[in-house]
1. Test ARG65 against the criterion of being modelled with pLDDT of 95 or more, part of a strand (DSSP E or B) and of a type in the set (D, E, K, R), and give yes or no.
2. Among the residues of region 1-44, which ones are touching a strand residue (DSSP E or B) at 6+ places or on another chain (Cβ under 6 Å), of a type outside the set (Gly, Ala, Ser) and closer than 19 Å to GLY123 by Cβ?
3. Does ALA76 count as touching a Pro at 6+ places or on another chain (Cβ under 8 Å), over 27 Å from GLY125 (Cα atoms), of a type in the set (Gly, Ala, Ser) and surrounded by fewer than 17 Cβ atoms within 10 Å (Cβ to Cβ)?
4. Return yes when ALA108 is in a loop (DSSP other than H, G, I, E, B) and in contact with a Ser or Thr (Cβ under 6 Å, 6 or more places away or on another chain) and no when it is not.
5. Hey, among the residues in region 103-119 that are touching a residue at least 12 places away in the same chain (Cβ under 8 Å) and within 22 Å of THR80 (Cβ to Cβ), which one's surrounded by the most Cβ atoms within 10 Å (Cβ to Cβ)?
6. Strands (runs of 3 or more DSSP E) wholly in region 15-56 with at least 1 residues that are closer than 13 Å to LEU117 by Cβ - which ones?
7. Tell me, which residue of region 4-21 that is within 18 Å of ARG106 (Cα to Cα) and of a type outside the set (D, E, K, R) is farthest from the chain's Cα centre (by Cα)?
8. Could you please find all residues in region 1-58 being touching a helix residue (DSSP H, G or I) at 6+ places or on another chain (Cβ under 8 Å), closer than 15 Å to PHE83 by Cα and of a type in the set (Lys, Arg)?
Amino acid sequence: MNDQEKWTGGCLCGGCRYQFQGDRPHSGYCHCDMCKRATGGPFAVLVQARLSDLVWTTGKPSVYRSSPIATRGFCASCGTPLFLRYDGDELIRLTAGSLDHPERIRPAGHYGIESRLRWAECGPGLPEEETQERF
């Protein structure tokens with residue numbers, strides 16, 4: 001594959017690094033309370049990759065169960081949130097801020113809009129979906 005199809009990222013301290021290859025991945029804003037707390041922001045921007053395509057090139061993240069249906073990964077040294085993974089899902093959702101070049105993605109929608117903070121407007125005109133019923 002060419003360089004345009006390679007995606008790399010990692011944590012703030014460099015202790016956890018990853019890469020995957022493919023076309024521009026699907027990404028979106030998540031406004032759910034769990035993502036807000038896990039990332040420390042008014043929303044999370046998550047980027048989907050196939051778990052089978054993801055390779056940890058340096059270190060491995062620590063993982064904790066964030067809900068009855070999902071786990072999250074972070075760097076144990078610096079605390080950078082790195083991913084969300086739903087149980088049994090072949091996709092992993094990486095935090096966009098952990099990408100080396102987050103400017104390459106384009107969020108395609110909003111999730112968890114029932115928890116959106118009205119002062120944190122972003123991505124106007126994109127599709128919106130509630131997620132409360134999933135949890």
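The values are calculated or read from the model by the stated rules, or taken from the named source; none is laboratory data. Note that this is a predicted model, so its numbers are computed, not measured. Every residue, glycine as well, gets a Cβ built from its backbone with ideal geometry; the counts of neighbours run over all protein chains shown.
1. yes
2. PRO25, HIS26, TYR29, CYS30, CYS35, THR39, PHE43
3. Details: touching a Pro at 6+ places or on another chain (Cβ under 8 Å): yes; over 27 Å from GLY125 (Cα atoms): yes; of a type in the set (Gly, Ala, Ser): yes; surrounded by fewer than 17 Cβ atoms within 10 Å (Cβ to Cβ): yes.
In short, yes.
4. Working: in a loop (DSSP other than H, G, I, E, B): yes; in contact with a Ser or Thr (Cβ under 6 Å, 6 or more places away or on another chain): no.
So ALA108 fails the test.
5. So, considering only residues that are touching a residue at least 12 places away in the same chain (Cβ under 8 Å) and within 22 Å of THR80 (Cβ to Cβ), the one surrounded by the most Cβ atoms within 10 Å (Cβ to Cβ) is GLY112.
6. Details: elements: 17-21, 27-30, 44-50.
In region 15-56, the matching strands (runs of 3 or more DSSP E) lie at 27-30, 44-50.
7. Result: GLN4.
8. Once the filter is applied, which keeps residues that are touching a helix residue (DSSP H, G or I) at 6+ places or on another chain (Cβ under 8 Å), closer than 15 Å to PHE83 by Cα and of a type in the set (Lys, Arg), region 1-58 yields only LYS36.
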